[in-house]
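Throughout, read-outs are computed from the coordinates displayed, never taken from laboratory work. Quick caveat, the model's predicted, so the values are computed rather than measured. Every residue, glycine among them, receives a Cβ derived from its backbone with ideal geometry; neighbour counts consider all protein chains shown.
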Amino acid sequence: MKFKNLLYQSDNRIAYITINRPDKLNALNALTLKEIYEAVKLADEDYETRVIIITGSGEKAFVAGADIKEFSKFNQIEGTQLSTKGHQLVFDFIENLETPVICAVNGYALGGGLELAMACHIRIASTNAQFGLPEVSLGLIPGYGGTQRLPQLIGKGRAFELILSAKMINAEKALDYGLVNHVISLEELLDTATKIALSICKNSSTAISSAIYAINAGFDVNKDGYEIEKESFGNCFGTADFKEGTQAFLKKRKPNF
Ligand code: COA
């Protein structure tokens, strides 16, 4: 599949998706969002792919937000549609994907860029990364899940301060807040993401999908996370991976998932 605003590469069971509009700091216009959906879907449906890594091209920005120029003339109806479609197509889609997604934040992660990072399951950042939800400085609020996922990740008080002040925090602060799991040099960022991906690839993909489902259920007001955990735990006993994993342990060999 050919993309205009993305680079797609698959290697050793890992799909790498690079958002590639560096002259616009990888801002998310409609085409880029559509292509992110298509690329993530492609990777998720590829039986060989076990982990997806999303990053941005260039050394300055992961994603500097939704494309302000594109939505600057939108009315209320178009604004609502923009948010609703974005949630469904990309942000909720990624969060609920069966394949784990690691975000390697290589610079500015602002507005929709931070929201994209927060929809991913794991975030790591380079030392030059900057994080923020500056929407209120544009007369907007975060519309791709930022008001919900930021408090989940860093707590309500910190989220209020970050969203209401529209200020940016650096990578060190993001690590301190628990917004990212690791901070590394830009040169080592993708290698570190790949190492994390490879450590995930060794495990059962069916169990990993169930774990994602159960963890997300705990943050969904319409679901009972504990009930979903019990049910998903039980379902694991019916999988080939459960047989392989337990037999491998008992026979003192490595499992072949
Ligand atoms: N939407 C559309 N275009 C954007 C963009 C966005 N969110 N962020 C950056 N760009 C474009 C700029 O318009 C500029 O394009 P141009 O060269 O055609 O004028 C190009 O990317 C480079 O950005 P520039 O502002 O010149 O870089 P900078 O180093 O001076 O500043 C930022 C970097 C990230 C601080 C600044 O670009 C910025 O504040 N961006 C918007 C962040 C934002 O509010 N995001 C939330 C959107 S809801």
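Remarks
- Ascending count of other beta-carbon atoms within 10 Å, so fewest first, for K223, K2, K173: K2, K223, K173
- Our summary gives the stretch 100-257 a relative contact order of 20 percent, counting only alpha carbon pairs under 8 angstrom and 6 or more residues apart.
- Fewest neighbouring Cβ atoms within 10 Å first, the residues E161, E70 line up as E161, E70.
- GNM flexibility winner over the chain from P100, P22, P151 (Cα, springs under 10 Å): P151
- Mean separation of Cα contacts under 8 Å (6+ apart) over length of the stretch 147-196, as relative contact order %: 24
- Across K195, K73, K60, mean-square fluctuation computed from a Gaussian network of the chain (C-alpha pairs under 10 Å connected) peaks at K73.
- Most fluctuating residue given options C103, C201, C236, as computed from a GNM of the chain linking Cα atoms under 10 Å: C236
- Measuring against 21 Å, Cα to Cα, the residue pairs K4/K41; K195/K254; K202/K230; K2/K202 contain K202/K230; K2/K202 as the ones spanning a longer distance.
- Zone residues, the stretch 135-166, relative to D176, backbone N less than 20 Å from point 7 Å out along Cα-to-Cβ: 150-166
- Annotation: amide H of A61 within the under-5 Å range of Y108, sequence separation 5 or more or interchain, hydrogens built in the peptide plane.
- For the stretch 57-153, projected area of the alpha-carbon convex hull averaged over all directions, nm²: 6.4
- Where no second cysteine Cβ lies under 4.7 Å, the cysteines concerned in the chain: C201, C236
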